[in-house]
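S.K.: Here it is, the structure, as structure tokens.
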Amino acid sequence: MRSLLVTGGCGFIGSNFIRFLFREAGFAGRVVNFDKITYAGNPENLADIARDFPDRYVLVRADICNRDAVKDALERWAVDTICHFAAESHVDRSIVAPEAFIRTNVEGTFVLLEAAREQRKSGLQRFHHVSTDEVYGSLGPEGFFTEESPYRPNSPYSASKAASDHLVRAYHHTYGLPVTVSNCSNNYGPYQFPEKLIPLMILHAAAGKPLPVYGRGVNVRDWLHVEDHCRAIWLILQHGREGEVYNVGGRCERTNLETVERICDLLDEMVPDQRLRPRRQFIRFVTDRPGHDLRYAIDCGKIERELGWRPSETFDSGLRKTIAWYLEHRPWVERVQSGEYRRWMQRHYGEGRS
């Protein structure tokens, strides 16, 4: 890998992956960050990378649905590897406004695949597609998603990601495109946009604001620290078998209520404000999300056996690090919560709702 194109590199997982490449992985090539920079994309996440690696980091502000822009980036920077993160990803947004999810997640992936097929003539070695466990639908109280689980998406978001997964697989089998796919469980960690559960609850609990929990909080998620996810993707890019799918999970199943309660307890310990303790008092149960999947849980045995990957963070260690990061980066939080994001949330959900 000499020239790696990362789509959506200013977003949560994408920016963490680029940071990992330069700060941890020892990647010696060029990274081309191709990002439309929507409300959840923030070039500030990589300001130090742009400063410290000006000859090896390039930001291209463009839409993955723009065929000419994608083609130009691949050719201009002689891209030999693509890591595709760019996606609309918030389930609530997909319920209210699904059209953007179809355009970006389905049409955008198609445009990239077509450009990659052409770029293969110039030496494209790998197209890695980052997806989600939500494509598998909902689990009962037992069992795990495996790479062989049938697709049963239940939201416009997960349906759009399922469609993109199928396109990637089809381009491998039809055109021989050298692809890999990863389906991950719920990520958390630094730089996550504050509309998602964990950062939202951290910020609200720290300020003594209501903590809205859907239904009775019994829905179960498997939590994966974003840095563990980045290590997994890097291993797949280097050693994953062409055409294969790898599930990546944190082995950290918690109900949503348990997750929120643990955030409250850790904040009580880390920021012992007597006026706010116990922070569990701020939990409020609100009307459940339509089509809310009951449980996600990943069997990540394949990537463990084949690539030697293991999650390094426990739920408590990762959550403690994440809380500390948000408490230490309040100016970043204030900047990303301003403007378009705040207006959209107030318009669709009212103040303080997730």
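The values are calculated or read from the model by the stated rules, or taken from the named source; none is laboratory data. No experiment lies behind these values; they were computed from the predicted model shown. Note: ideal-geometry Cβ built from the backbone for every residue, glycine included; neighbour counts use all protein chains shown.
S.K.: Among residues belonging to region 278-298 that are touching an Asp or Glu at 6+ places or on another chain (Cβ under 9 Å) and in a loop (DSSP other than H, G, I, E, B), point out the one that is surrounded by the fewest Cβ atoms within 10 Å (Cβ to Cβ).
M.R.: Among those residues, the one meeting the criterion is PRO278.
S.K.: Just checking: which of the strands (runs of 3 or more DSSP E) contained wholly in region 199-258 hold 3 or more residues that are in contact (Cβ under 8 Å) with a residue 60 or more places away in the chain, hydrophobic (A, V, I, L, M, F, W, C) and crowded, with 17+ Cβ neighbours inside 10 Å?
M.R.: 220-225
S.K.: Right, something else. When you scan region 1-103 for strands (runs of 3 or more DSSP E) that lie fully inside it, which ones turn up with 2 or more residues that are over 15 Å from the mean Cα position of the chain (by Cα) and closer than 18 Å to PHE127 by Cα?
M.R.: 3-7, 30-35, 81-84
S.K.: Cβ contacts < 6 Å: first residue more than 12 Å from VAL31 (Cβ to Cβ), restricted to region 47-64; second residue among the basic types (Lys, Arg), any location; separation 6+ or different chain. Result?
M.R.: As it stands, the answer is ASP63/LYS36, since those pairs meet every condition given.
S.K.: Going by what's in this entry, would GLU142 be described as out of contact with any helix residue (DSSP H, G or I) (no Cβ under 9 Å at 6 or more places or on another chain) and either farther than 19 Å from TYR246 by Cβ or assigned to a strand (DSSP E or B) (or both)?
M.R.: In short, yes.
S.K.: Within region 299-354, considering only helices (runs of 4 or more DSSP H) that don't extend past its boundaries, which have at least 1 residues that are modelled with pLDDT of 95 or more and on the phi < 0 side of the Ramachandran plot?
M.R.: Counting at least 1 such residues, we get 301-307, 315-328.
S.K.: Okay, next question. Checking ILE18 against (1) closer than 20 Å to ILE102 by Cα; (2) among the β-branched types (Val, Ile, Thr); (3) out of contact with any Pro (no Cβ under 9 Å at 6 or more places or on another chain), which single condition isn't satisfied?
M.R.: The single condition ILE18 does not satisfy is (1).
S.K.: In addition: Part of a helix (DSSP H, G or I) and free of Cβ contacts under 8 Å to residues at least 24 places away in the same chain, is that true of HIS172?
M.R.: Answer is no for this residue.
S.K.: Among all residue pairs at least 6 apart or on different chains, which show Cβ distances below 7 Å where the first residue, located in region 151-163, is over 14 Å from ALA100 (Cα atoms) and the second is part of a loop (DSSP other than H, G, I, E, B)?
M.R.: Going by the 7 Å Cβ cut-off, the qualifying pairs are ARG152/GLY137; PRO153/GLY137; ASN154/GLY137; ASN154/SER138; ASN154/GLY291; ASN154/ASP293; ALA162/TYR151; ALA162/PRO153.
S.K.: All but one of (1) under 20 Å from GLU253 (Cβ atoms); (2) crowded, with 20+ Cβ neighbours inside 10 Å; (3) not hydroxyl-bearing (Ser, Thr, Tyr) hold for VAL168, so report the exception by its number.
M.R.: Of everything listed in (1) under 20 Å from GLU253 (Cβ atoms); (2) crowded, with 20+ Cβ neighbours inside 10 Å; (3) not hydroxyl-bearing (Ser, Thr, Tyr), VAL168 misses just condition (1).
S.K.: Another one. Could you tell me whether any residue of region 202-213 is at pLDDT 95 or above, within 20 Å of PHE285 (Cβ to Cβ) and of a type in the set (D, E, K, R)?
M.R.: Yes, region 202-213 contains at least one residue that is at pLDDT 95 or above, within 20 Å of PHE285 (Cβ to Cβ) and of a type in the set (D, E, K, R).
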